[in-house]
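K.L.:
Have a look at this one.
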Amino acid sequence: GPVVPPGTYTLRLRAGGEVVETTGEIVMDPRVAQTGVDEAAVRAQYAFRLEVRDLLSEARQTAEALHEEREVLSDDSARAAVIDSALAALETEKGTYMTPRFIDQTKFLYDMLRHAYQLPGNQAEERLVALRAEYEAILAEL
């Protein structure tokens, strides 16, 4: 997941039926602070990254559920055609130099944001709005 903002966190390790907990403090990297990025910007970036991550996760879960449903349908059913269309919009075809589809496009946005310490730019926010609209349209077809 995305890098967390500064704060106190509970660290929990589970192994062999045992759970060990402690707390830890995440502090702002002084090199990042020197660039003019403050904690408010890091928190805003974290919230934005979570939004993108959640959209990506939901789309992947949708695709997985559609694959499971598709396995039990005959190829000539109307529902199978709807599912095939949705999967074609969600997943990039196998091959070389294929056009990235929704899941890969959302993953690209997530990867672009994952390690940058700055407020998300307008283009990233606009792209997330467009991706959400595209995802809603895919769901509406289902």
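The values are calculated or read from the model by the stated rules, or taken from the named source; none is laboratory data. Fair warning: this is a prediction, and the values are worked out from it, not measured in the lab. Cβ atoms come from the backbone with ideal geometry, glycine included; neighbour counts cover every protein chain shown. The accessibility values were calculated without ligands, DNA or RNA, using every heavy atom of the protein model including side chains. Shrake-Rupley method; radii C 1.70, N 1.55, O 1.52, S 1.80 Å.
K.L.:
With the checklist (1) open to solvent by 90 Å² or more (accessible area, probe 1.4 Å); (2) touching a Ser or Thr at 6+ places or on another chain (Cβ under 9 Å) in hand, flag the one item LEU131 doesn't pass.
P.N.:
With (1) open to solvent by 90 Å² or more (accessible area, probe 1.4 Å); (2) touching a Ser or Thr at 6+ places or on another chain (Cβ under 9 Å) applied to LEU131, the lone miss is (1).
K.L.:
Taking THR96 as the residue in question, decide whether it is open to solvent by 90 Å² or more (accessible area, probe 1.4 Å), among the hydroxyl-bearing types (Ser, Thr, Tyr) and not in a helix (DSSP H, G or I).
P.N.:
Here the answer is yes, as THR96 does meet what is asked.
K.L.:
Kindly establish whether SER85 is touching an Asp or Glu at 6+ places or on another chain (Cβ under 7 Å) and among the small types (Gly, Ala, Ser).
P.N.:
Spelling it out, SER85 is indeed touching an Asp or Glu at 6+ places or on another chain (Cβ under 7 Å) and among the small types (Gly, Ala, Ser).
K.L.:
Now, a different point. Take the conditions farther than 30 Å from GLY7 by Cβ, open to solvent by 60 Å² or more (accessible area, probe 1.4 Å) and either of a type outside the set (A, V, I, L, M, F, W, C) or touching a residue at least 12 places away in the same chain (Cβ under 8 Å) (or both) and apply them to GLU125. Does it pass?
P.N.:
no
K.L.:
Then there is this: Condition first: of a type in the set (Ser, Thr, Tyr), closer than 25 Å to ASP54 by Cβ and over 24 Å from the mean Cα position of the chain (by Cα). Now tell me which residues in segment 1-28 satisfy that.
P.N.:
Within segment 1-28, THR8 is the sole residue that qualifies.
K.L.:
While we're looking at this one, here's another question. I want to confirm something. Restricting to segment 72-103 and keeping residues that are of a type in the set (Asp, Glu) and modelled with pLDDT of 95 or more, which single residue is farthest from the chain's Cα centre (by Cα)?
P.N.:
ASP84
K.L.:
Moving on to the next point. Pull out all pairs, ordered by first then second residue, where Cβ-Cβ is under 7 Å, the residues are six or more apart or on different chains, the first lies in segment 33-55 and is farther than 15 Å from ARG127 by Cα and without any contact (Cβ under 8 Å) to a residue 40 or more places away in the chain, and the second is outside any helix (DSSP H, G or I) and not hydrophobic (A, V, I, L, M, F, W, C).
P.N.:
Listed by first residue and then by second, the contacts come to GLU39/PRO5; GLU39/PRO6; ARG43/PRO5.
K.L.:
Right, something else. Starting from segment 1-21, keep only residues that are free of Cβ contacts under 8 Å to residues at least 40 places away in the same chain, then list their pairs with residues that are of a type in the set (A, V, I, L, M, F, W, C) and open to solvent by less than 80 Å² (accessible area, probe 1.4 Å) whose Cβ atoms are within a distance under 9 Å, requiring at least 6 positions of separation or different chains.
P.N.:
PRO6/ILE26; PRO6/MET28; PRO6/VAL42; GLY7/ILE26; THR8/ILE26; TYR9/ILE26
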